[in-house]
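Reviewing the structure listed below.
The values are calculated or read from the model by the stated rules, or taken from the named source; none is laboratory data. This one's a predicted model, so the numbers in the text were calculated from it and none came from an experiment. Backbone-built Cβ (ideal geometry, glycine too); neighbour counts: all protein chains shown. These area figures cover heavy atoms from the full protein model, side chains too; ligands, DNA and RNA do not enter into them. Shrake-Rupley method; radii C 1.70, N 1.55, O 1.52, S 1.80 Å.
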Amino acid sequence: MCGRFNLYSSIEDLLERFDLINWEMIELSPRYNIAPSQEVLAIVEGESGHRGGFLRWGLVPAWANDPKIGYKMINARAETIDEKPSFKSLLARRRCLIIADGFYEWKKEGNRKTPYHIYLKDRQPFAFAGLWDRWNQDGEMIQSCTIITTEANELMKDIHDRMPVILTKESQKVWLDRSLQDEKQLKSLLVPFAPTLMEANTISELVNSPKNDGAKILNSL
């Protein structure tokens with residue numbers, strides 16, 4: 001699963017990496033402990049290019065009666081994404097990128113859980129594959145998202161059996177292409193990222209509480 005991540009790159013770096021057309025409208029500050037129900041930076045394909053904006057993490061489907069369902073839908077499994085009613089229609093029409101510099105996972109060792117920070121070796125920001133939806137009821141609107149997960153790669157297997165889908169630069173373009181609706185082709189993108197391009201290290205247990213933030217979270221144990 002993916003239950004916590006960070007994003008501390010500057011808007012200038014994100015503009016270069018993701019070719020955003022509306023970067024001047026995005027107010028961004030470093031965040032080291034992003035948790036479910038919080039706003040996350042996402043990118044969708046607009047009429048004239050990549051548009052960035054904020055979505056609530058935890059998908060609230062348009063048909064939901066209670067927005068609290070979002071707490072249970074922070075992740076979507078790649079293997080069944082074209083089968084589950086909450087995700088099937090979104091796969092065809094509401095795909096997004098969710099931007100991060102790294103993510104956290106906890107390794108179980110007996111009664112202890114050790115937190116790890118996982119990131120790319122080149123220290124560049126990257127994109128999770130995501131889905132989004134718009135919920136509108138009784139005058140309240142929520143735009144929310146979920147992060148897609150897949151089986152763990154060789155690096156992650158020692159920590160957890162699942163990992164978020166990290167898209168390559170090439171697969172990002174395909175994922176955002178609104179003209180593409182072929183489920184088989186889209187699912188072919190939802191694979192484990194190359195382990196040779198990733199690194200992981202143990203970090204401070206400060207990350208255990210979403211109330212904690214700041215670069216000190218990344219301090220090694």
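Sorting L120, L206 by accessible area (1.4 Å probe), largest first, what list results? Could the numbers behind the result be given before it?
Values: L120 20, L206 60 Å².
Descending order: L206, L120.
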With +1 at each Lys and Arg Cβ and -1 at each Asp and Glu Cβ, the charge dipole magnitude of the chain around its Cα centre, to the nearest 20 debye, comes out at 560
Multiply the residue separation of R123 and I11 by 0.36 nm, subtract the distance between their alpha-carbon atoms, and state the gained length in nm to one decimal. 38.8 nm
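How much net charge surrounds R51 when only other residues with a Cβ under 14 Å from its Cβ are counted (Lys, Arg +1; Asp, Glu -1)?
Details: positive: R94, R95, R178; negative: D19, E24, E45, E47.
Its environment carries a net charge of -1.
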Which FRET efficiency value, to the nearest 0.05, do you get for E183 and Y71 by plugging their Cβ-Cβ distance into 1/(1 + (r/R0)^6) with R0 = 25 Å? 0.40
Tell me, what HN-Hα J-couplings in whole Hz come from the Karplus equation 6.51 cos²θ - 1.76 cosθ + 1.60 at θ = phi - 60° for each residue of segment 82-99, using x for Gly and Pro? 8, 10, 6, x, 5, 10, 4, 5, 6, 4, 7, 10, 9, 9, 8, 9, 10, 9
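Let me have the 222 nm mean residue ellipticity of the chain computed from DSSP H runs of 4+ only, each contributing -39500 (n - 2.57), with the sum over all residues rounded to the nearest 500. Walk me through the intermediate numbers first.
Details: 4 runs with 30 residues, N = 221.
So the calculated ellipticity at 222 nm is -3500 deg cm²/dmol.
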Cα extents of the chain along the three principal axes, largest first, in whole Å? 45, 37, 36
Kindly identify segment 120-172 as rounded, prolate or oblate by the Cα gyration tensor criterion: order the square roots of the eigenvalues as a ≥ b ≥ c, call it rounded if a/c is under 1.5, otherwise compare a/b with b/c, prolate if a/b is larger, else oblate. prolate
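How much length, in nm to one decimal, is gained on full extension between K216 and T202, taken as 0.36 nm per residue of separation minus their Cα-Cα distance? Intermediate values should be presented prior to the final figure.
Working: separation 14, 0.36 × 14 = 5.04 nm, distance 1.27 nm.
Length difference between fully extended and current span is 3.8 nm.
Can you sort Y104, Y71 by 1.4 Å-probe accessible area, starting with the largest?
Largest accessible area first, the list is Y71, Y104.
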Segment 64-189 - convex hull of the alpha-carbon atoms, volume per residue in Å³: 135
For I74, residues with placed amide H under 5 Å, excluding near neighbours: L59
Pull up the DSSP beta bridges for segment 2-216 and report the antiparallel fraction as a percent, rounded to 5. 90
Compare S144, S29, S48 in a GNM of the chain, Cα atoms joined below 10 Å, and give the one with the largest fluctuation. S48
Around S209 (Cβ within 15 Å, Cβ-to-Cβ, excluding S209; K/R +1, D/E -1) the net charge comes to +3
Let me cross-check W135: its accessible surface, 1.4 Å probe, with only protein heavy atoms counted, in Å² to the nearest 10? 10
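Before anything else, pin down the relative contact order of segment 1-157: Cα pairs under 8 Å, at least 6 apart, normalised by residue count, whole percent.
Working: 310 pairs, mean separation 41.0, N = 157.
Across segment 1-157, relative contact order equals 26 percent.
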Per-residue accessible area for D138 at 1.4 Å probe radius, Å² rounded to 10? 150
